[in-house]
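Input: a single structure, listed below in structure tokens.
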Amino acid sequence: MRRLYRSSTDRRIGGVCGGLGEFFGKDPTFIRLLFVLVSLFWGFGIILYLIMWLVVPLKPKEADKK
């Protein structure tokens, strides 16, 4: 079973985009660009990022070994 975690290795601020990139198998830079575009055009990207930063747990050390 796959779970969404914040990345502890690929992080710029909170590891949210790195975790989303790992979960969906996409480049985290692409995810970061989407957050910036959503923030600029619709204004809720920053709020969404902050909520995910608080809600999504940090990837545990055991999950890195699997």
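Net length available on complete extension from Arg2 to Lys61 is 19.7 nm, with 0.36 nm assigned per residue and the Cα-Cα distance removed.
Under the simplified labelling scheme, the Thr29-Trp42 pair shows an inter-label distance of 2.5 nm, with each label point 7 Å from Cα along Cα→Cβ.
Using every Cα-Cα pair within the range 16-56, state what percent have a distance larger than 17 Å. When every Cα pair of the range 16-56 is considered, 28 percent fall beyond 17 Å. Using a simple spin-label model with pseudo-atoms 7 Å out from Cα toward Cβ, Trp53 and Thr9 lie 2.3 nm apart.
Just so you know, all these numbers are worked out from the coordinates, no wet-lab data involved. Quantities reported herein were computed from a predicted structural model and do not represent experimental measurements. Note that we place each Cβ from the backbone using ideal geometry, even for glycine, and neighbour counts take in every protein chain shown.
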